[in-house]
1. So ILE129 fits all but one of (1) open to solvent by 80 Å² or more (accessible area, probe 1.4 Å); (2) out of contact with any Pro (no Cβ under 8 Å at 6 or more places or on another chain); (3) not basic (Lys, Arg); (4) not in a loop (DSSP other than H, G, I, E, B); what number is the exception?
2. Does any residue in the range 4-29 that is over 14 Å from VAL54 (Cβ atoms) come within less than 7 Å, Cβ to Cβ, of a residue that is open to solvent by 30 Å² or more (accessible area, probe 1.4 Å) and in a helix (DSSP H, G or I) six or more places away or on a different chain, and which pairs are these?
3. Considering only residues of the range 56-84 that are farther than 18 Å from ASP128 by Cβ and within 11 Å of the chain's Cα centre (by Cα), which is most open to solvent (accessible area, probe 1.4 Å)?
4. It is to be established whether one or more residues within the range 89-96 are open to solvent by 60 Å² or more (accessible area, probe 1.4 Å) and either touching a Pro at 6+ places or on another chain (Cβ under 7 Å) or within 16 Å of GLU16 (Cα to Cα) (or both).
5. Among the residues of the range 6-55, how many are more than 21 Å from ARG68 (Cβ to Cβ), open to solvent by less than 50 Å² (accessible area, probe 1.4 Å) and of a type in the set (Val, Ile, Thr)?
6. Does any residue in the range 71-89 that is charged (D, E, K, R) come within less than 9 Å, Cβ to Cβ, of a residue that is in a loop (DSSP other than H, G, I, E, B) six or more places away or on a different chain, and which pairs are these?
7. Take the conditions at pLDDT 95 or above, in contact with a His (Cβ under 7 Å, 6 or more places away or on another chain) and of a type in the set (A, V, I, L, M) and apply them to ILE40. Does it pass?
8. LEU113 fails exactly one of the following numbered conditions: (1) part of a helix (DSSP H, G or I); (2) open to solvent by less than 80 Å² (accessible area, probe 1.4 Å). What is the number of that condition?
Amino acid sequence: MHVTARVDHAVRILLEIARAQPDAVKAETIATAQGISPKILESIAAELRRADLVVSRRGPDGGYRLARPAEGISVADVIRAVEGPLASVRGQRPEDVEYSGVAAPLQRVWIALRVNIRAVLEQVSIADIAQDELPEFITGLTADPGAWTRRPAPVVPASGN
């Protein structure tokens, strides 16, 4: 899975807002704290507003607030707000992709991938991260030394031309 910069920024924006609750937090405060350009922050915040994850108000008392409690916003919600479905194959949902012949079982692989992505991202909330109280299964998954090991890229044989 590729986590885009927009997703990474969106999660960090929500973490800053969650930390400030119940007070509103100004865009410039978030931008400075997280090293996000104000223009990008405003663009992502607009998507978060459209997804009903944040509310904003202009003026001296304005800023951003969460639209619902941080416990009720999962990382999956954030990804869906800024990027769309958690797993897609060539822009389609895995259940809508069809293969024939030897590739027919591949659809089940993509469905299983989505199930596992959901198993993590739907169970971790913005509050969990903001309070550094990740679910125990995350601790278990990250305790495996293999989780921290980068897998080598496949070796491509040199062409004989």
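The values are calculated or read from the model by the stated rules, or taken from the named source; none is laboratory data. Quick caveat, the model's predicted, so the values are computed rather than measured. FYI the Cβ positions are ideal-geometry reconstructions off the backbone, even for glycines, and counts take in every protein chain you see. The accessibility values were calculated without ligands, DNA or RNA, using every heavy atom of the protein model including side chains. Shrake-Rupley method; radii C 1.70, N 1.55, O 1.52, S 1.80 Å.
1. With respect to (1) open to solvent by 80 Å² or more (accessible area, probe 1.4 Å); (2) out of contact with any Pro (no Cβ under 8 Å at 6 or more places or on another chain); (3) not basic (Lys, Arg); (4) not in a loop (DSSP other than H, G, I, E, B), ILE129 is out only on (1).
2. That search, which allows pairs on different chains as well, returns THR4/GLU83; ARG6/GLU83; VAL7/GLU83; GLU28/PRO38.
3. GLU83
4. From the range 89-96, those open to solvent by 60 Å² or more (accessible area, probe 1.4 Å) are 90-93, 95-96; that's our starting set.
Filter once more, so that each one left must be either touching a Pro at 6+ places or on another chain (Cβ under 7 Å) or within 16 Å of GLU16 (Cα to Cα) (or both): 93.
Among the residues of the range 89-96, at least one is open to solvent by 60 Å² or more (accessible area, probe 1.4 Å) and either touching a Pro at 6+ places or on another chain (Cβ under 7 Å) or within 16 Å of GLU16 (Cα to Cα) (or both), which makes the answer yes.
5. 1
6. ASP77/ALA51; ASP77/LEU53; ASP77/GLU122; ARG80/ALA51; ARG80/LEU86; GLU83/THR4
7. Numbers: at pLDDT 95 or above: yes; in contact with a His (Cβ under 7 Å, 6 or more places away or on another chain): yes; of a type in the set (A, V, I, L, M): yes.
Yes.
8. Here LEU113 meets the rest and fails (2).
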